[in-house]
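Data block below; observations after.
Only the coordinates and a few stated rules stand behind these numbers; no lab work does. Everything numeric here is computed off the predicted structure, so don't read it as measured data. Heads up, the Cβs are rebuilt from the backbone with ideal geometry, glycines too, and the neighbour counts pull from every protein chain shown.
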Amino acid sequence: MLKMTTEQLIDCLEWRYATKKFDNTKKIDPQAWEALERALVLTPSSFGLQPWKFIVIQNQAVKEKLREASMNQSQVTDCSHYLVIAVKEKTDGEFISHYIERIAQVRSIDRAGLEGYKKIMMGALVMNPKSPENLTWATCQGYIALGNFMTAAAVLGIDTCPLGGIVPAKYDEILALKDSGWKTIVACCAGFRSADDNYARAKKVRFLSQELITHYL
């Protein structure tokens, strides 16, 4: 099912850049934002477990507080919508059981038939002492969501800027995540570039394809 041409896709990705200056007078259309939220929900994850929480901030007072915990980066307060991605601090048996219940509900199948799948997830994430550290695994999943969000935004002509230069512990305090079982990992500004953001005209710097991609034919 091809909805856009290969040329259109590349054009969107070439157009996208980490926006350094947003036009604070422009807001994202509600329908477009709804589509971006749906893109977040549809993000793939390991086992399909979705160990994340997406926090959308439009409240200016909250943005001001978060800016202080973001090296005073102006994008936080000037963007239309500010997305914070938090992940499950510990993906435990209770969370896995919750996911199993959701599978049974959505697919109208007997929960008992999913016990094998549950055991696989429990073995990989809870019972196996050699499995990746739980929070590290969840953090990797959160970055998949970030990439999916930014690509979807570019396709819709919406600018973004991911922010890793934040103080996660401060974010957790401001957003009432402390001791909740969720931890902030990264944030992303979304909106529309300012006409005087010179970074929009800078050429992309990428290594040559042959340095990055290997083919086995």
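Some notes on this structure:
- Greater than 32 Å apart at Cα, pairs in Lys88/Lys203; Lys27/Lys183; Lys118/Lys170: Lys88/Lys203; Lys118/Lys170
- In this structure the amide hydrogen of Trp52, modeled in the peptide plane, comes within under 5 Å of the amide hydrogens of Lys88, none closer than 5 places in sequence on its chain.
- Highest-first arrangement of 177-183, 24-30, 86-92, 203-209, where packing means the average Cβ count within 10 Å: 86-92, 177-183, 24-30, 203-209
- Most mobile listed residue (Tyr117, Tyr17, Tyr143) in the chain, GNM with C-alpha springs under 10 Å: Tyr117
- For region 6-27 versus region 36-106, the gap between their alpha-carbon centres in whole angstrom: 22
- Applied to region 195-206, the Karplus parametrisation 6.51 cos²θ - 1.76 cosθ + 1.60 on θ = phi - 60° returns per-residue 3J(HN,Hα) values of 4, 9, 7, 5, 5, 5, 9, 6, 5, 5, 10, 9 Hz, with x for Gly and Pro.
- With the convex hull of the Cα atoms taken as the outline of region 33-136, the averaged projected area works out to 8.6 nm².
- The string of couplings for region 82-99 from the Karplus curve (6.51, -1.76, 1.60, θ = phi - 60°) is 10, 9, 10, 9, 10, 10, 5, 5, 9, 7, 9, x, 5, 5, 5, 4, 4, 5 Hz, one whole number per residue in order, with x for Gly and Pro.
- Working from Cα pairs under 8 Å separated by at least six residues, relative contact order for the chain is 34 percent.
- Coupling constants for region 164-173 follow from the phi torsions by the Karplus curve (6.51 cos²θ - 1.76 cosθ + 1.60, θ = phi - 60°), and in residue order they are x, x, 10, 9, x, 5, 5, 4, 4, 5 Hz; glycine and proline get x.
- Helix-derived mean residue ellipticity, 222 nm - over the chain, DSSP H n ≥ 4, -39500 (n - 2.57), to 500: -12500 deg cm²/dmol
- For the chain, the pair-distance distribution built from all alpha carbon pairs, in bins 5 Å wide starting at 0, is 1, 6, 12, 15, 16, 15, 12, 10, 7, 3, 1, 0 percent.
- Within a Gaussian network of the chain (alpha carbon springs, distance under 10 Å), most fluctuating of Lys118, Lys53, Lys21: Lys118
- FRET efficiency, Glu34 to Tyr216 (Cβ-Cβ, R0 45 Å, nearest 0.05): 0.60
- Sites Arg107 and Met127, calculated FRET efficiency, Cβ-Cβ separation with R0 22 Å, nearest 0.05: 0.30
- Taking Ile158, Ile109, Ile57 in turn, the Gaussian network model of the chain (Cα-Cα springs below 10 Å) assigns the largest fluctuation to Ile109.
- At R0 = 30 Å, FRET efficiency that the Cβ-Cβ distance of Phe207 and Glu89 yields, to 0.05: 0.30
- Taking label points 7 Å from Cα along the Cα-to-Cβ direction, Ser45 and Asn59 give a separation of 2.4 nm.
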